[in-house]
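Presented below is the structure to which this report refers.
The values are calculated or read from the model by the stated rules, or taken from the named source; none is laboratory data. A quick note: this is a predicted structure, and the numbers were derived from the prediction, not measured. In this analysis, Cβ positions are derived from the backbone assuming ideal geometry, glycine residues included, and neighbour counts consider all displayed protein chains. Just so you know, the surface numbers come from the protein's heavy atoms only, side chains and all, with ligands and any DNA or RNA stripped out. Shrake-Rupley method; radii C 1.70, N 1.55, O 1.52, S 1.80 Å.
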Amino acid sequence: MNSPAPPDSGALSDLLKREATRLGFDLVGIAPAVAPPGYEQYQRWLSKGYAAGMGYLERLEAARSHPRHVMDGVRSIVVVGFVYGGPDLGQEGPTTGKVARYARGQDYHKLLWDRLGELLNWLQGECPGLLGRAVSDTSPLPERDFGRLAGLGWIGKNTMLISRKVGSFTLLGALLVDAELPPDPPMEANHCGTCTRCLDACPTDAFARPYELDARRCISYWTIEHKGPIPDEVAGNLHGWAFGCDICQEVCPWNRKAPKGREPALSARPEWDHPDLLTWLIEEPATLSKRLKGTALSRTKRSGLVRNAALILGTRRELSAVPALIDCLCDDDSTVRGASAWALGQIGNDAAALALRAASDDPDPSVVDAVARALGRIGDDRNDTS
């Protein structure tokens, strides 16, 4: 008995989108496997140093020039998206921090890979012999560019892909296939208009101009991507963000009526929605590291999270954090010790000064320098008030 003939490409695309929706995706569109239209702009962005310390972006620059560098023989790209986030569950307090909405639930990478894998299996059932590859964020594919080419939205002034239907709180993934699928009309319109709310709201002036983000000024870069000590001029300007930052999306008018996410795995866990930063300081390192597994917060590891927590508490001059910060001066991680020294220097009470003097012989030169600067700050403050 002969096998049934596969559906024609147009019908297959319709069935594919229906299956993607069944799998829980909120967005789905098809783009041709062409050179991304924003590649030259990306090269100029790199040349200006806006990638900050993200050297991997420069190393993979050439690979972003065409999707064939991600998958040989690719002919079409199915771009999908999950809506994430919703109303805050917790309440802000003197020792709480803020976590970007996308990171409050399960790690989105695995979720996207698993669902895209299911979509690929379905597609291979319809088209035996078809080859494909699922990607999400970790491959040199400019997903926002291909999201626009797939008609899912436009790239806004805050550099995010914005959909008229669901806003910009979306997580994108892509399925690269070696079959020719009819592409969707690209999004040619830009609905930002004259609005500059995202640019005006950024507390660190991270946008060099509309559509151009300077990571050297971005809170998300410093709290997630940057490893090691954070410079003093940045340390006091995290604005309560312990991991990432949502400000430029929160103020976007297109997110006012954006739907809540439907995917339970992306729902906020209570411990990551306005987390208590003191808990991060005092929790056993192995315990906190274990809690990070399976979440996007694992990107910055325990070292980065505790560093960020110490800096935020120091910026707030939170006296209740002094005992925990003093204990962190003996942490095994030099980044944590240095951030705790900075925080104690900001608080500057007698207990902080005493502990900093005792830490002046730290074995790490960077911590010794941080302690010296903190003590100098305390001395300057006391001289100013004398």
Expected single match for outside any helix (DSSP H, G or I), open to solvent by 30 Å² or more (accessible area, probe 1.4 Å) and within 20 Å of VAL234 (Cβ to Cβ) among ARG373, ARG317 is ARG317
Selection from the stretch 71-113 of residues farther than 25 Å from LYS293 by Cβ, among the polar types (S, T, N, Q) and not in a strand (DSSP E or B) yields GLN91
Which condition number in (1) under 27 Å from SER9 (Cβ atoms); (2) open to solvent by less than 50 Å² (accessible area, probe 1.4 Å) is the one that THR159 fails?
-> (1)
Any idea how many residues of the stretch 220-266 are of a type in the set (Asp, Glu), closer than 30 Å to THR335 by Cα, open to solvent by 30 Å² or more (accessible area, probe 1.4 Å) and under 18 Å from the mean Cα position of the chain (by Cα)?
-> 1
Inter-residue pairs, beta-carbon under 7 Å, first closer than 18 Å to LEU277 by Cα and in the stretch 235-252, second part of a loop (DSSP other than H, G, I, E, B) and among the hydrophobic types (A, V, I, L, M, F, W, C), 6+ apart | PHE243/ALA100; GLY244/ALA100; CYS245/ALA100
Identify the single condition in (1) under 19 Å from ILE224 (Cβ atoms); (2) more than 20 Å from the chain's Cα centre (by Cα); (3) of a type in the set (Lys, Arg) that ARG133 does not satisfy, given that it satisfies every other one.
-> (1)
Selected residue (criterion: surrounded by the fewest Cβ atoms within 10 Å (Cβ to Cβ)) from residues of the stretch 20-57 that are of a type in the set (Gly, Ala, Ser) and in a helix (DSSP H, G or I) = GLY55
Give the stretch 169-201 a look and list any residue that's crowded, with 20+ Cβ neighbours inside 10 Å, of a type outside the set (A, V, I, L, M, F, W, C) and in contact with a Phe, Trp or Tyr (Cβ under 7 Å, 6 or more places away or on another chain), or say none.
-> THR170
Within the stretch 111-125, restricting attention to residues that are open to solvent by 60 Å² or more (accessible area, probe 1.4 Å) and touching a residue at least 40 places away in the same chain (Cβ under 8 Å), which residue is farthest from VAL80 (Cα to Cα)?
-> GLU118
Condition broken by ALA208, with the remaining ones in (1) of a type in the set (A, V, I, L, M, F, W, C); (2) part of a strand (DSSP E or B); (3) touching a Leu at 6+ places or on another chain (Cβ under 6 Å) satisfied = (3)
Please go through the stretch 190-203 and pick out each residue that is under 20 Å from the mean Cα position of the chain (by Cα) and more than 22 Å from ARG44 (Cβ to Cβ).
-> ALA201, PRO203
